[in-house]
Amino acid sequence: PPASATAEGAMTIALLGSDSRDPGDRGRSDVLMLAHLSPKRDKVYLISFPRDLWVPVPGHGKAKINAAYAWGGPQLTVRTVEQLIGVRVDHVAQVDFEGFVGLTDQVGGVTITNPHASSSRGFSWPKGQVTLSGASALAYVRQRYELPNGDLDRAARQRAVTKALLQKLLSTDVLTNPARF
């Protein structure tokens with residue numbers, strides 16, 4: 001892997017959301033983000049890679065970036081991203097649909113600011129503050145076709161929900177409650 005192109009002590013984590021639905025089915029990476037933590041751990045930057053971004057995938061030629069996960073799991077996805085941007089990925093965090101729904105429900109849902117009123121998969125979200133439970137959060141982060149900027153708006157939704165989840169996971173309510181943690 002490439003040497004870290006970041007300040008000493010910084011950390012980069014690949015965040016993968018798999019669209020696998022059946023046991024033994026790896027699926028594709030429905031979500032691919034990098035979380036970059038500053039050396040002092042006081043800032044986190046989230047960078048999204050649109051799932052349909054065409055890139056060179058080591059050993060496979062050019063393909064959509066989410067194919068790297070289908071062909072070689074997290075390992076090939078990390079190699080693809082590292083080759084693409086020249087930054088070492090230090091860790092991987094991965095979740096599938098069921099895990100995402102469960103995690104969101106476990107923290108009591110998340111509240112985000114929704115920039116565009118929309119509906120999908122039986123859920124509707126007005127413009128403004130909305131609280132998302134597990135199933136509605138999954139539908140929210142997967143929607144793209146009815147959004148003004150398609151995949152770019154979808155990626156912004158995924159970052160907003162990820163940020164809200166991280167804030168909940170790192171809250172005193174969660175960290176001081178062993179059962180909830």
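The values are calculated or read from the model by the stated rules, or taken from the named source; none is laboratory data. Please read all numbers here as calculations on a predicted model, not as lab measurements. Neighbour counts are summed over all protein chains in view; Cβ atoms, including those assigned to glycine, are modelled from backbone coordinates with ideal geometry. Heavy atoms of the whole protein, side chains included, go into the accessibility calculation; ligands, DNA and RNA do not. Shrake-Rupley method; radii C 1.70, N 1.55, O 1.52, S 1.80 Å.
Given R₀ = 25 Å, FRET efficiency for Gln75-Trp54 by Cβ-Cβ distance, to 0.05? Mind showing how you got there, number by number?
Working: r = 21 Å, r/R0 = 0.82.
The calculated FRET efficiency here is 0.75.
Can you give the FRET efficiency for Leu169 and Asp25, using 1/(1 + (r/R0)^6), R0 = 22 Å, r = Cβ-Cβ distance, to the nearest 0.05? Before the final figure, lay out each step's value.
Details: r = 27 Å, r/R0 = 1.24.
FRET efficiency, Leu169 to Asp25: 0.20.
Using alpha carbons only, how many angstrom separate the centre of the range 105-144 from the centre of the range 14-77?
Between the Cα centre of the range 105-144 and that of the range 14-77, the gap is 22 Å.
Starting from the Cα of Val44, step 7 Å along the direction of its Cβ; do the same at Thr131; then give the gap between the two resulting points in nm.
Label-label distance for Val44 and Thr131, simple model: 2.1 nm.
Just to confirm, what accessible area per residue do you get for the chain at 1.4 Å probe, in whole Å²? Don't jump to the answer; show the numbers that get you there.
Working: 9730 Å² over 181 residues.
Solvent-accessible surface per residue comes out at 54 Å².
Full extension from Leu84 to Thr113: what is 0.36 nm times the residue separation minus their Cα-Cα distance, to one decimal in nm? The partial results should precede the final answer.
Values: separation 29, 0.36 × 29 = 10.44 nm, distance 3.15 nm.
My answer for the length gained is 7.3 nm.
Using a 1.4 angstrom probe on heavy atoms only, work out the carbon and sulfur share of the accessible area of the range 121-167 in %. Walk me through the numbers on the way to the answer.
Details: 1290 of 2420 Å².
Whole-percent figure for carbon plus sulfur exposure: 53.
Along its three principal axes, how long is the chain when you only count alpha carbons? Whole Å, largest extent first please.
42, 37, 33
Suppose a student asked you for the relative contact order of the range 58-136, using Cα pairs under 8 Å spaced at least 6 residues apart; what percent would you report? Don't jump to the answer; show the numbers that get you there.
Values: 69 pairs, mean separation 16.5, N = 79.
Value for the range 58-136: 21 percent.
With viscosity set to 0.692 mPa s at 37 °C, what whole-number translational diffusion coefficient in µm²/s follows for the range 118-181 from Stokes-Einstein and a Kirkwood radius over Cα pairs? Present the calculation step by step, with values, prior to reporting the outcome.
Numbers: Rh = 12.9 Å.
The diffusion coefficient I find is 254 µm²/s.
Under the rule a/c < 1.5 gives rounded, and otherwise a/b versus b/c splits prolate from oblate, where does the range 1-100 land using the Cα gyration tensor? It would help to have the intermediate numbers written out before the result.
Working: a/c = 2.24, a/b = 1.39, b/c = 1.62.
The shape class here is oblate.
Which stretch or stretches of the range 89-117 have amide N atoms under 19 Å from the point lying 7 Å from Ile13's Cα along the Cα→Cβ direction?
Backbone N within reach: 89-111.
In the range 113-181, which trypsin sites (Lys or Arg not before Pro) fall in coil by DSSP and have 11 or fewer other Cβ atoms within 10 Å?
On the way: sites: Arg121, Lys127, Arg142, Arg144, Arg154, Arg157, Arg159, Lys163, Lys168, Arg180; in loops: Arg121, Lys127, Arg144, Arg180.
Answer in residue order: Arg121, Lys127.
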